[in-house]
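A.B. asks: Here it is, the structure in full.
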Amino acid sequence: MITQIELDEVEKRLCSFIAKHRQANNRAISPVNKALVSKEDPLHVDTEGVMSELALCKALDVYPYELFDVRPRSAINGEDNGDVFYKGICIDVKVTKHKNGKLVCLHKNPAIDVVVLMTGEFGKYEIKGGVAVDEMFVDSNYGLPKGFSRKCYWLSQDRLKSLEELFD
């Protein structure tokens, strides 16, 4: 299975367009992004999220249906149905620019089956692996990782499974 993905310029522009619309719609509902954990520009963070979702769709060779949904979606309110669907499995895609970054989740979304970590930036990503939510959201994975200011569920990359292990 593909682990390195690069988006072309048209795909990057499409993702930027979608991220702008998602952010505008979310800010119309709630002026403050309470889930933002990064100090970076929120639009850049949203754009990277959208690009990583499309990159995973490309790697799995699935159509990015959820990518085009720009309506506000809240996992807490049961409105977020995940980022990518593959073989009947609902995937939440997490991305970090840090090559050795951790898989980080703030809270459990009951609609999600698997969480996948991708690293990279600006349309070039590497799939680091993933984990079933039953393995992610356990007390032993909850805490304050080094460099973070907020407690969360987290795993280092050495604890992630390859996509083949997750989906075959």
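The values are calculated or read from the model by the stated rules, or taken from the named source; none is laboratory data. Keep in mind it's a predicted model, so treat the numbers as computed, not measured. Ideal geometry is used to build each Cβ from the backbone, glycine not excepted, and the neighbour counts take in all protein chains shown. Note: accessible area is taken over every heavy atom of the protein model, side chains too, but ligands, DNA and RNA are not part of it. Shrake-Rupley method; radii C 1.70, N 1.55, O 1.52, S 1.80 Å.
A.B. asks: Kindly list the residues of the stretch 131-168 that lie in the label zone of LYS87, defined by a backbone N under 20 Å from the point 7 Å along the Cα-to-C-beta vector.
C.D. replies: 131-136, 159-168
A.B. asks: List the residues whose amide H sits under 5 Å from the amide H of VAL95, counting only those 5 or more places along or on another chain, with H placed 1.01 Å from N in the peptide plane.
C.D. replies: Placed amide hydrogens put MET118 under 5 Å from VAL95.
A.B. asks: Same structure, new question: Which net charge results for the neighbourhood of LEU56, defined as the other residues with beta-carbon distances under 12 angstrom from its beta-carbon, given Lys and Arg at +1 and Asp and Glu at -1?
C.D. replies: -3
A.B. asks: Something else: For GLU9 and ASN100, calculate 0.36 nm times their separation in residues minus their Cα-Cα distance, and state this gained length in nm to one decimal. Don't skip to the answer; put the middle values down first.
C.D. replies: Details: separation 91, 0.36 × 91 = 32.76 nm, distance 2.61 nm.
My answer for the length gained is 30.2 nm.
A.B. asks: Could you go through the stretch 109-124 in sequence order and give the Karplus-derived ³J(HN,Hα) for each residue, using 6.51 cos²θ - 1.76 cosθ + 1.60 with θ = phi - 60°, rounded to whole Hz, and x for Gly and Pro?
C.D. replies: So the J values, rounded to whole Hz, are 9, x, 7, 8, 9, 9, 10, 10, 9, 10, 10, x, 6, 6, x, 10.
A.B. asks: If amide hydrogens are placed 1.01 Å from N in the peptide plane, which non-local residues have theirs closer than 5 Å to the one on ASP80?
C.D. replies: Under 5 Å from the amide H of ASP80 lie the amide H atoms of SER74, ALA75, each far enough along the sequence or on another chain.
A.B. asks: Within the accessible area of the stretch 75-129, what % is carbon and sulfur when the probe is 1.4 Å and the other protein chains stay in place?
C.D. replies: 47
A.B. asks: Now for a different question. Shape call for the stretch 45-168 from the C-alpha gyration tensor, a ≥ b ≥ c root eigenvalues: rounded (a/c under 1.5), prolate (a/b greater than b/c) or oblate?
C.D. replies: It comes out rounded by the Cα gyration axes.
A.B. asks: May I pose another question? Along the stretch 95-102, what does the Karplus equation 6.51 cos²θ - 1.76 cosθ + 1.60 (θ = phi - 60°) give for ³J(HN,Hα), rounded to whole Hz, x for Gly and Pro?
C.D. replies: Result, ordered by residue: 9, 9, 7, 7, 3, 9, x, 9 Hz.
A.B. asks: So between ALA111 and LEU43, what do we pick up on full extension, going 0.36 nm a residue minus the alpha carbon distance?
C.D. replies: Going from the current span to full extension adds 22.0 nm.
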